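Let me begin by presenting the structure, written as structure tokens, before commenting on it.
No value in this document is a laboratory result; all are computed from the given coordinates. These figures come from a predicted structure and were not determined experimentally. Cβ placement follows ideal geometry from the backbone for every residue including glycine, while neighbour counts extend to all protein chains displayed.
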Amino acid sequence: QLQASGGGLAQAGGSLRLSCTASGLNFSSYNLAWYRQVPGKEREYVADLSNGGSTNYADSVKARFTISRDNAKSTMYLQMNSLKPEDTAVYYCKLSLYDYRRWGQGTLVTVSS
């Protein structure tokens, strides 16, 4: 099970931190990622963090968002700074390893201008 939290309403320029906690698996073995989706549009990639510690970001969030993990807490994070109205979306966490994928339920982030 993946439980996401931390979404809410923020003003443009503000910050939010999303969390996603896993249970029932060896969390440290998994590659992690965050995606987001606006109603009527396809889900889009935001950032990923490999089980080896390497990170990648979509150009739209680079230098504003930071993905991280705490393996002891089986939790992944997405620190979002300098938020923009176009960051408004439902954010989803994902764990993956080889052909295995597990998605968390989404958490809504709304950024007002």
> Pulled fully out, how much extra length does the chain show between ASN26 and ASN56, if you take 0.36 nm times their separation in residues and subtract their Cα-Cα distance?
Replying inline: 8.6 nm
> Build a GNM of the chain with springs between Cα atoms under 10 Å: which of THR66, THR55, THR75 gets the top mean-square fluctuation?
Replying inline: THR55
> Given the Cα-Cα distance of TYR45 and ARG17 and 0.36 nm per residue of separation, how much length would full extension add, in nm?
Replying inline: 8.4 nm
> If you count, for each residue, the other Cβ atoms within 10 Å and average over each peptide, how do 106-112, 94-100 line up from highest to lowest?
Replying inline: 106-112, 94-100
> Roughly what would the spin-label model give for TRP103 and ALA72, points 7 Å off Cα along C-beta, in nm?
Replying inline: 3.3
> What is the extension gain from THR110 to GLN3, computed as 0.36 nm multiplied by their sequence separation minus the C-alpha to C-alpha distance, in nm to one decimal?
Replying inline: 36.6 nm
> Using the alpha-carbon centroid of each, what span in Å lies between the range 1-75 and the range 83-97?
Replying inline: 7
